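Okay, structure first, notes after.
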Amino acid sequence: MGTNAKTQASNNPPARLTGAEIVWATLVGEGVTDVFGYPGGAILPVYDALRKFPIHHTLVRHEQGAAHMADGYSRASGKVGVAIATSGPGATNLVTGIATAMLDSIPIVCITGNVSGKVLGTDAFQEVDITGITLPVTKHNFLINRAEDIAPAIRYAFQIAKSARPGPVLIDITKDAQQATALFDFEAARPRPVRPHPMRRVEDSSLEQAAELIRNAKSPVILAGHGIIESGAEEQVRTLAERAQIPVALTLLGLGAFPASHPLNLGMMGMHGESWVNHAIQDADLLIACGMRFDDRVTGTTATYATKAKKIHIEVDPAEINKNIKVDVALIGDLREVLEELLPRVSARDGQAWLKTVEAIKGDSAVRDIKNLPDSGHLYAAHVIHDIWRITGGDAIVVTDVGQHQMWEAQYYHHEKPRTLITSGGLGTMGFALPAAIGAKFACPDREVWVIAGDGGFQMTAAELSTIVQEKIKINIAIINNGYLGMVRQWQEFFYERNYEATPMVSPDFVKLAGAHGIDGLTVRVRAEVASAVAQARSAPGAFLINFKVEKEDSVYPMIPAGSALHEMIRRPGKDA
Ligand SMILES: Cc1cc2nc3c(=O)[nH]c(=O)nc-3n(C[C@H](O)[C@H](O)[C@H](O)COP(=O)(O)OP(=O)(O)OC[C@H]3O[C@@H](n4cnc5c(N)ncnc54)[C@H](O)[C@@H]3O)c2cc1C
Ligand SMILES: Cc1ncc(C[n+]2csc(CCOP(=O)(O)OP(=O)(O)O)c2C)c(N)n1
Ligand SMILES: [Mg+2]
């Protein structure tokens with residue numbers, strides 16, 4: 001049985017396997033080589049069968065970590081990440097990771113065990129209705145209680161996870177279904193081809209309307225989002241920008257979709273975007289939204305958002321059209337395919353006048369940049385991230401946590417290529433960085449991977465340091481340690497009269513904590529030591545942690561207060577502000 005199972009995939013005749021073996025055989029057939037998980041009684045048959053299959057399992061320290069690792073694996077590679085957990089608390093521990101993937105449209109498949117079919121619904125030991133719990137945070141989920149349904153469900157789950165707008169799928173398999181046997185036929189288990197969404201359409205008239213808006217625009221801006229990366233449309237967006245000389249503003253999740261060093265790159269838009277980017281959007285007469293969903297962090301109050309601009313929205317999910325911002329032309333479909341149809345209708349344009357205007361809006365912004373302020377003896381996160389960018393040549397995969405450091409990363413690490421910034425945008429999940437970086441390293445073992453985390457968020461999933469050691473992987477960790485839940489402290493400073501309630505945070509000695517796990521590290525307090533510490537981390541043979549003790553009460557600027565207009569931003573205080 002074991003040997004049969006190992007070789008079962010697309011080309012082999014059907015064989016009788018246990019449900020547990022079918023789980024692995026189907027994953028092998030789907031091309032899976034790595035999974036992240038944590039065992040328990042209801043999933044034990046699956047774990048027992050693992051040794052017969054060529055799949056590497058990483059034992060996590062908390063199931064949330066498994067979901068984030070699958071997510072980081074997917075964001076780094078574009079492939080479907082896989083997480084495994086037992087029933088009850090194992091399954092519920094996955095939920096934050098599943099919701100994180102849902103909000104950012106990341107394709108992962110989570111497999112959970114559940115109690116046997118005959119006791120389902122009896123509050124059996126470690127029974128929870130995980131399909132019920134995850135219904136709102138999965139693209140789809142399945143409860144499987146027959147061995148013969150396992151392969152079709154897993155294959156369908158992979159198709160759902162990665163097609164159209166990607167997202168997480170959960171498959172809950174009862175223990176008796178894992179133990180029963182069924183004929184395994186990988187080919188016969190294939191799902192029906194994806195049917196196009198009935199509302200998906202790109203009509204000639206809409207393409208022509210879009211092309212005409214582009215032809216006639218005096219001050220157009222491309223809004224570049226995460227959908228570019230998910231669609232693989234980087235080249236097409238670049239062609240559109242270059243041919244029509246249109247500047248490009250990026251969302252947080254779009255960073256890397258258009259090279260940071262490209263002359264048409266404006267930078268990040270939104271709440272913590274550069275001031276000139278938001279001003280350009282407010283002054284634009286045409287916005288071309290490519291695979292972005294007008295999140296509230298991007299628009300500010302919608303009533304005053306880009307009121308002078310016509311809007312073209314290219315988007316795969318019809319539900320996003322006119323959801324937050326009303327648009328003039330909707331092109332519903334895969335971005336790359338739509339742009340390939342649109343580009344022949346777009347001819348060269350002279351955009352110099354508008355580009356010069358945008359350049360003028362940039363004006364004196366550089367003088368407010370903390371990076372250019374004299375060395376006050378304090379260590380600023382901006383300096384740290386700028387140096388990590390410089391020293392890694394901008395070529396590392398950077399995985400951030402959530403908070404001020406995340407925004408400083410977006411501002412000071414300049415991403416040239418897609419899939420080099422991995423960050424939780426929509427759910428904003430603290431604790432994401434360390435496990436997601438482990439997933440990214442498994443996806444791209446030859447790449448340099450950096451975690452940039454806050455002192456708060458790092459502690460939420462720091463137990464995964466043990467996973468790094470057990471798996472012998474090389475990840476560099478930069479903790480931006482400001483002694484506060486900094487982003488919340490900033491809101492308290494600006495909007496709650498500096499009432500720093502529950503935001504000062506005592507942390508362990510992070511270097512000793514790393515040391516207790518067998519990971520080397522050091523603490524840096526002054527700017528002059530940043531570069532050598534980063535170099536030391538890079539050349540260390542194993543994982544390395546740097547505890548950067550940064551200025552405690554620094555804030556992220558600019559900032560658009562929630563509910564304000566995009567141009568109403570708080571600037572860094574100073575004589576030029
Ligand atoms: C503390 C904090 C501060 C933040 N501040 C900012 C900020 O200042 N600026 C900012 O931009 N963000 C900010 N964010 C992130 C923000 O919340 C959103 O996550 C982000 O703006 C979403 O970017 P997006 O629309 O490009 O990506 P997503 O939310 O992933 O949306 C992608 C869109 O592309 C579509 N799509 C997917 N695949 C395809 C395809 N093949 N073809 C066509 N369309 C496709 C999807 O359907 C979806 O509508 C912040 C987050 C946090 C946690
Ligand atoms: C799981 C979770 N809980 C709470 C929050 C709310 N929150 C957003 S940023 C932040 C502070 C993060 O502090 P830290 O990790 O130290 O990063 P810093 O902002 O200081 O860089 C908090 C509490 C969140 N995003 N996620
Ligand atoms: Mg902090």
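Every number here is computed from the coordinates shown, using simple stated rules; none is lab data. For clarity, every value in this text was computed on a predicted model and none was experimentally measured. Note that we place each Cβ from the backbone using ideal geometry, even for glycine, and neighbour counts take in every protein chain shown.
For this structure, a couple of remarks:
- Sorted by Cβ density within 10 Å, fewest first, the residues HIS68, HIS226: HIS226, HIS68
- Sites ASP350 and CYS444 - FRET efficiency at Förster radius 51 Å, r taken between beta-carbons, to 0.05: 0.80
- Based on Cα contacts under 8 Å between residues 6+ apart, segment 439-508 shows a relative contact order of 32 percent.
- Put a dot 7 Å past the Cα of LYS218, heading toward its Cβ, do the same for ASN12, and the two dots end up 6.9 nm apart.
- Packing around the peptides 43-49, 351-357, 405-411, taken as the average count of other Cβ atoms within 10 Å per residue, puts them in this order, highest first: 405-411, 43-49, 351-357.
- Straight-distance crosslink candidates among lysines, where the alpha carbon sits under 19 Å from LYS552 and sequence neighbours closer than 8 are dropped: LYS371
- Shape class of the chain from the Cα gyration tensor (axes a ≥ b ≥ c, square roots of the eigenvalues): oblate, since a/c reaches 1.5 or more and a/b does not exceed b/c.
- Taking a ≥ b ≥ c as the square roots of the Cα gyration tensor eigenvalues, segment 325-455 comes out oblate, since a/c reaches at least 1.5 and a/b does not exceed b/c.
- Only Cα pairs under 8 Å and 6+ residues apart enter the sum, and on that basis the relative contact order of segment 82-163 stands at 33 percent.
- Taken about its Cα centre, the chain carries a charge dipole of roughly 440 debye when the Cβ of each Lys and Arg holds +1 and the Cβ of each Asp and Glu holds -1.
- When peptides 247-260, 532-545, 383-396 are ranked by their average number of other Cβ atoms within 10 Å per residue, the highest-first order is 247-260, 383-396, 532-545.
- Centre separation in Å (Cα based) which lies between segment 299-355 and segment 186-224: 11
- Gyration tensor verdict on segment 271-387 (Cα atoms; rounded if a/c is under 1.5, prolate if a/b is larger than b/c, oblate otherwise): prolate
- Computed extension length for ALA516-ASP328: 61.9 nm, one decimal, from 0.36 nm per residue of separation with the Cα-Cα distance subtracted.
- Filter on LYS79/LYS311; LYS218/LYS417; LYS474/LYS512; LYS218/LYS356; LYS512/LYS549 - keep pairs with C-alpha separation over 23 Å: LYS79/LYS311; LYS218/LYS417
- Projected label distance in nm at GLU529 and ASP509, using a 7 Å step from Cα toward the beta-carbon: 1.3
- Rounded Å value of the spacing that divides the Cα centres of segment 165-181 and segment 462-485: 31
- Helix 63-77 axis versus longest C-alpha principal axis of the chain: approximately 60°, rounded to the nearest ten.
- When you restrict to C-alpha pairs under 8 Å that are six or more residues apart and normalise by the size of the chain, the relative contact order lands at 14 percent.
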